[in-house]
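Undergrad: To start, I am sharing the structure in question, which I have written as structure tokens.
The values are calculated or read from the model by the stated rules, or taken from the named source; none is laboratory data. All values reported here derive from a predicted model rather than from experimental measurement. Note that each Cβ is placed from the backbone with ideal geometry, even for glycine, and that neighbours are counted across all protein chains shown.
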Amino acid sequence: MRIVLAADGSKYTKKALAFLATHESLAGPDDEVVVVNVQPAMPPRVRSMVGASAVNGYHADEAAKVLEPIEKFLARKKIAYRTEWKVGEPAQQIVQLADKAKAHMVVMGTHGYGMLGRAVMGSVATRVLAEAKVPVLLVK
């Protein structure tokens, strides 16, 4: 099974990662976890002021802060993985990666704001649920 794990570095990501590690039927020796971190795009004005190279370096550094601890954890647990980072709107990027990777499932932590919070703030998890073509497992 190939699973896309959406990682934002929050405690909710850690809970989703722990869930995967403790459920061998999801992330066993024959499975692969594709960990993705999505960085919001910088406004074009900032990109033109500091340069594309500086912005790309910033995104790479921020993604590494999230992905490196996850890589170490997955390696210790002997779970096959690969990591990617993207720039853009998180839900859209997660869904596109799940399609491209031919994932069987998307796993992500959720902040659990409830209906009012989703209505006011929107929710990456809600959008992924609505747009993904594969099952989505939300870990709270």
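Undergrad: List, please: which pairs have Cβ atoms under 8 Å, are six or more places apart or on different chains, and start with a residue in region 79-108 that is farther than 22 Å from G57 by Cα and end with one that is among the hydrophobic types (A, V, I, L, M, F, W, C) and surrounded by fewer than 15 Cβ atoms within 10 Å (Cβ to Cβ)?
TA: Every condition considered, the pairs that remain are Y81/A75; H104/M1; M105/M1.
Undergrad: List every residue pair whose Cβ atoms sit under 9 Å apart, with the two residues 6 or more apart in sequence or on different chains, where the first one lies in region 3-24 and is crowded, with 24+ Cβ neighbours inside 10 Å and the second, anywhere, is among the aromatic types (F, W, Y).
TA: If the second residue must be among the aromatic types (F, W, Y), the pairs left are L5/Y81; L17/F73.
Undergrad: Which of the numbered conditions does A54 fail, given that it passes all the others? Conditions: (1) more than 16 Å from V134 (Cβ to Cβ); (2) touching a residue at least 40 places away in the same chain (Cβ under 8 Å).
TA: In the conditions (1) more than 16 Å from V134 (Cβ to Cβ); (2) touching a residue at least 40 places away in the same chain (Cβ under 8 Å), A54 misses (2) alone.
Undergrad: I'd like the full set of residues that are within 19 Å of K15 (Cβ to Cβ) and touching a helix residue (DSSP H, G or I) at 6+ places or on another chain (Cβ under 6 Å), limited to region 92-107.
TA: We begin by selecting, within region 92-107, every residue within 19 Å of K15 (Cβ to Cβ); these are 94, 105-107.
Selection gives I94, V106, V107.
Undergrad: Restricting region 109-135 to residues that are outside any helix (DSSP H, G or I) and modelled with pLDDT under 95, which is nearest to I70 (Cα to Cα)? Give the derivation first.
TA: Filtering region 109-135 down to residues outside any helix (DSSP H, G or I) leaves 109-113, 122-123, 132-135.
Then drop every residue that is not modelled with pLDDT under 95, which leaves 109-113, 122-123.
Numbers: G109: 14, T110: 17, H111: 19, G112: 22, Y113: 25, G122: 26, S123: 23 Å.
Filtering first and then ranking leaves G109.
Undergrad: Looking only at region 51-64, which residues are among the charged types (D, E, K, R) and surrounded by 15 or more Cβ atoms within 10 Å (Cβ to Cβ)? Can you show your working first?
TA: Applying the first criterion (among the charged types (D, E, K, R)) to region 51-64 yields 61-62.
Across region 51-64, the qualifying residue is only E62.
Undergrad: Next question, about the same structure. Would you be able to say whether some residue in region 65-73 is touching a helix residue (DSSP H, G or I) at 6+ places or on another chain (Cβ under 8 Å) and loosely packed, with under 15 Cβ neighbours inside 10 Å? If you could, list the steps in order and put the result at the bottom.
TA: Just the residues of region 65-73 that are touching a helix residue (DSSP H, G or I) at 6+ places or on another chain (Cβ under 8 Å), to begin with: 66, 70, 73.
Still in the list and also loosely packed, with under 15 Cβ neighbours inside 10 Å: none.
Among the residues of region 65-73, not one is touching a helix residue (DSSP H, G or I) at 6+ places or on another chain (Cβ under 8 Å) and loosely packed, with under 15 Cβ neighbours inside 10 Å, which makes the answer no.
Undergrad: Based on this model, can you work out whether H59 counts as free of Cβ contacts under 8 Å to residues at least 60 places away in the same chain, within 29 Å of K133 (Cα to Cα) and not small (G, A, S)?
TA: Details: free of Cβ contacts under 8 Å to residues at least 60 places away in the same chain: yes; within 29 Å of K133 (Cα to Cα): yes; not small (G, A, S): yes.
In short, yes.
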